[in-house]
Amino acid sequence: MSVSNMLENWSKFRHMHPVDDKPHEEYKWAMSIDLDACSGCNACSVACYAENNLPVVGKQKFDAGQQMHWMRIERYWDDDGREFPDQGAQFLPMLCQQCEAAPCETVCPVGATNHTADGLNSQVYNRCIGSRYCSANCPFKVRYFNWYDYPTTDNVWPAEMTQQLNPDVTVRGKGVMEKCTFCVQRLERAKNNARTEGRLVHDGEVQTACQQACPTGAITFGNLVEPESKIARQWAHQQVELAARDKQAKDEQEGGSDLRGYRIFEELRAYPSVMYLERVRESAI
Amino acid sequence: MEKDIRESIEWAKINGDVLKSLESPRPLFWVILVVALSMFGVGVGCEVYQYQIGMGVANLNNPQVWGLYIATFIFWIGMSHSGTLLSAILHLMHADWRKPIYRFAEAMTTFSLMTAGLFVMVHLGRLWQFYYAVPYPNERWVWPNFQSPLLWDAMAIFTYLSSSVIFLFIGMIPDLAICRDHLHPGWRKKLYTVLALGWEGTDRQWRNFRVTYLTVACFLIPLAVSVHSIVASDFAMSQQPGWHVTSFPPYFVAGALYSGCAAIITLFVILRYVFKFEEYMTLPILKKIVRLTFAIAMVWTYLNAVEFASVWYSHDEASKAVLIQKATGIYAPFWWMMNFCGSVVPFVMMIKRFQTSIPVMFAVSLLLNLGMWLERWMIVSPTFSHGYYPYLWDNNQWPTLVQWGIVFGSFGWFTLLFMGFCKLFPSVSMYEVKEMVYHRSLANKHVEQSLTMNVNELEEKGAH
């Protein structure tokens, strides 16, 4: 690195915040999850394991809380006094919310987690030194740390199983943080194809693994910048805005509203890219 | 009560007494050294195991990503503050009772910072890549993230460590020259010769020495305050309930001075016995530190109460829940223990009889430090088990033996460095004690003169 490089205006490389700065130009990937449609079947989670080479840590380590499920189905039991076989439950799929103002990004000492121009919260495995500050500051706790050397020593994938690993996704070594990427490998492939053909990615051209696997179609994914995309229409219909501060339309209407769209922990101003649609039906038994 | 050192020690005897500490400590010294070495061995064993297998052996898990390492890291950083308080702040305030004890307090500063630095390493998932956090020019044009409080931390600690090593060294130069002149030829004499930088004790040297020492002292004070404020920023700047508290920086600084002063009492008692410093580290001095510690304990208690009150009245449900969970949840025994040790035990120091009682003060100082260590743990862990996200509540992860072993080992490492230092270098500042004795003798002469004058006057009056 020469002296002239060091004296260069480095502020142009500084991470800029899409909410406060310029809007996204071509892509802003976003998701919506319809909790009314979610049956808690865990297919999304399984698909995520298969797509992203997630280590299957085994019962003991799962019990110790050292699991690596980027997509987790949370089960909340109904509190109406009924006992288990009759007790209802509600489910919430939780994954990295790809926040626009991600609390994890500012605290990483080495800048291993950054915002991409597509509005993704990216994790650079090679840069990560494993301080785990990002996870400590994540309100959703959706970051997963490689507590062991899962790929090589823990027998998470027996020899014959390594053939099923996804070649598009790197396996992560001991001591780095990882999390949901919105299947960035699929996004990149679709973008490359589109670029070769001199166009933008069509709506529906790219699916995340969880979306693809969901039997009830609870997950919608797409480009929020394109006004005609399914996801943009859904967000608009629910009057959920990416840059809204503290409250969405649903929270502002007094005496309840017909709107169902909300984002988790809106008041923390992390500006998540995942919208949830409130559940309206009774919980299933 | 013993006589004050300033009245009882012959000036010329000071050199001999202090130099003797380099040669023949009590046998307990070797016992402490062996115990510390084996503790350190345990820590190293645990760390090697963790390095080989992965951080998972520490039984940290996904929401509970920080544990005893961070808590103990803050503890050791905190411990380092009182050295600066004693040697720099009290130096500027001309409190001459600090003179026999400031050298070891400074050494404590340096070595506890080194221990804290180790915890940063131990905590990292990929410690072999720790240099990514250092802003070094590189071909890839990748800088660390200057927004991150952890990076400020790394810089603040490194600056503080290097400055306090320099401060410790500068303050020792005249004493190193004494060692050089008095010791028999050997490797130690060679070492002192090099370190004394050709000190001859000329007027000019003394004048330069004074200016340099004062400058570094002034430089060190804001640094000490900023270091622990920045450590507090690790928490205060984050968004988590229980951490995002505005009063954390002063609270941390007060806690740091508190645990540091308590540690000074502990080490005071140990050094006094081991190196036969009974005549130098006298009970009136102990009394002074005890009073200082009590004052700081009250400041800490106040800031602790401020923190609770500001959380309680903040209407921030999440923070409030963390506070309630600290007092009633699974961490409750430790939390109450921390409040007991931190705010109730210091009242023992109010009782005059105990202020100069060595066994009582030794026990109290250990309890205070236990309380302060628990305080750090109670800052770090409860937030993880009762953060924002309800799905992960009551995720209680107990530290395994690996974590405890490394924490245990760090005490061995610190003791090893500290006792080694005291054996190798004069842990009582000879020249400052001499100054103190000289000033006191001048003052005494003055008093005597005025007394005799009065007597003469009276006699004259009587004669008339």
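The values are calculated or read from the model by the stated rules, or taken from the named source; none is laboratory data. This structure is a prediction, so every number in the text was calculated from the model and none was measured. Cβ sites come from the backbone with ideal geometry, for glycine too, and all protein chains shown count toward neighbours. Accessible surface is based on the protein model in full, side chains and every heavy atom, while ligands, DNA and RNA are left aside. Shrake-Rupley method; radii C 1.70, N 1.55, O 1.52, S 1.80 Å.
Mind giving me the nanometre distance, one decimal, between the label points for B:Phe340 and B:Arg440, set 7 Å out from Cα along Cα→Cβ?
Result for the modelled spin labels: 4.0 nm.
Would you tell me the mean number of C-beta atoms belonging to other protein chains that fall within 10 Å of each C-beta in A:169-177, as a whole number?
3
Which pairs, out of A:Lys179/B:Lys326; B:Lys20/B:Lys288; A:Lys141/B:Lys320; B:Lys99/B:Lys287; B:Lys13/B:Lys288, put more than 21 Å between their alpha-carbon atoms?
A:Lys179/B:Lys326; B:Lys20/B:Lys288; B:Lys13/B:Lys288
With a ≥ b ≥ c the root eigenvalues of the C-alpha gyration tensor of the stretch A:200-285, is it rounded (a/c under 1.5), prolate (a/b larger than b/c) or oblate?
Oblate shape, in that a/c is at least 1.5 and b/c is the bigger or equal ratio.
Accessible area per residue for chain A in Å², computed with a 1.4 Å probe and the full protein assembly in place, what is it?
That works out to 46 Å² for each residue.
Run the numbers on the stretch B:102-145: which residues show a drop of 40 Å² or more in accessible area, chain on its own versus all protein chains together, using a 1.4 Å probe over heavy atoms?
By number: B:Leu124, B:Gly125, B:Arg126, B:Tyr132, B:Pro137, B:Trp141, B:Trp143, B:Asn145.
Cut-off 10 angstrom, C-alpha nodes, Gaussian network model of chain A. Which of A:Arg127, A:Arg186, A:Arg263 fluctuates the most?
A:Arg127
Heavy atoms only, probe 1.4 Å: what % of the accessible area of the stretch A:23-277 goes to carbon and sulfur, would you let me know?
The computed percentage sits at 50.
Can you tell me the relative contact order of the stretch B:5-428? Whole percent, Cα pairs under 8 Å, sequence separation 6 or more.
After rounding, I find 32 percent.
Under a Cβ-Cβ cut-off of 12 Å, what is the net charge of the residues other than A:Glu226 that fall near it, where Lys and Arg count +1 and Asp and Glu count -1?
Charge balance in the 12 Å sphere: -1.
Do you know the relative contact order of the stretch A:72-155, to the nearest whole percent, from alpha carbon pairs under 8 angstrom that are 6+ apart?
Relative contact order for the stretch A:72-155 comes out at 22 percent.
Roughly what would the spin-label model give for B:Ala327 and B:Ile170, points 7 Å off Cα along C-beta, in nm?
Result: 4.7 nm between the two label points.
Carbon and sulfur atoms: what percent of the 1.4 Å accessible area of chain B do they account for?
Roughly 70 percent of what the probe reaches on chain B is carbon or sulfur.
Suppose R0 equals 51 Å; then what is the FRET efficiency for B:Arg188 and B:Phe354 from their Cβ-Cβ distance, rounded to the nearest 0.05?
The computed FRET efficiency comes out at 0.80.
Hey, what number do you get for chain A at 222 nm if only DSSP H runs of n ≥ 4 count, each worth -39500 (n - 2.57), divided across all residues, to the nearest 500?
Helix-only estimate at 222 nm: -5000 deg cm²/dmol.
Round to a whole angstrom and tell me the spacing of the C-alpha centers of the stretch A:189-219 and the stretch A:20-91.
So the separation of the two Cα centres works out to 21 Å.
Quick check for me: using +1 on Lys/Arg Cβ and -1 on Asp/Glu Cβ, what's the dipole size of the stretch A:23-277 about its Cα centre, in debye to the nearest 20?
For the stretch A:23-277, the charge dipole is close to 840 debye.
Roughly how large is the B-A contact in terms of buried accessible area, totalled over both chains, probe 1.4 Å, nearest 100 Å²?
4300
If we count every other residue with Cβ under 10 angstrom of A:Tyr27's Cβ, Lys/Arg +1 and Asp/Glu -1, where does the sum land?
-2
Along Cα→Cβ, 7 Å out, is where each label goes; now give me the distance between the ones at A:Glu282 and B:Trp206 in nm to one decimal.
9.5
Relative to the longest principal axis of chain B, what angle (0 to 90°, nearest 10) does the C-alpha long axis of helix B:401-424 take?
The two axes meet at around 20 degrees.
If you check each cysteine of chain A for another cysteine whose beta-carbon is under 4.7 Å away, which ones come up empty?
A:Cys38, A:Cys41, A:Cys48, A:Cys99, A:Cys108, A:Cys128, A:Cys138, A:Cys183, A:Cys214 - these cysteines have no disulfide-compatible partner (Cβ-Cβ under 4.7 Å) in chain A.
If you filter the stretch B:111-214 for trypsin sites (Lys or Arg not before Pro), then keep DSSP loop positions with at most 11 other Cβ within 10 Å, what is left?
For trypsin sites (Lys or Arg not before Pro) across the stretch B:111-214 that sit outside H, G, I, E and B with at most 11 neighbouring Cβ atoms in 10 Å, the list reads B:Arg140.
With angles folded into 0 to 90 degrees, how steeply does helix B:203-236 sit against the dominant principal axis of chain B? Use alpha carbons for both and round to 10.
20
Give the calculated FRET efficiency between A:His202 and A:Ala159 to the nearest 0.05, with a Förster radius of 45 Å applied to their Cβ-Cβ distance.
It comes to 0.65.
Among the lysines, which fall within straight-line cross-link reach of A:Lys174, defined as a Cα-Cα distance under 16 Å, with same-chain neighbours fewer than 8 residues apart omitted?
Counting by Cα, and skipping residues close in sequence, A:Lys174 has these lysines nearby: A:Lys61.
When ligands, DNA and RNA are left out and all protein chains stay put, how many square angstrom of accessible area per residue does the stretch B:249-297 have with a 1.4 Å probe?
It amounts to 23 Å² per residue over the stretch B:249-297.
Take peptide B:234-245, look around each residue's Cβ out to 10 angstrom, count Cβ atoms belonging to other protein chains, and average those counts.
Neighbouring Cβ atoms belonging to other protein chains average 3 per residue here.
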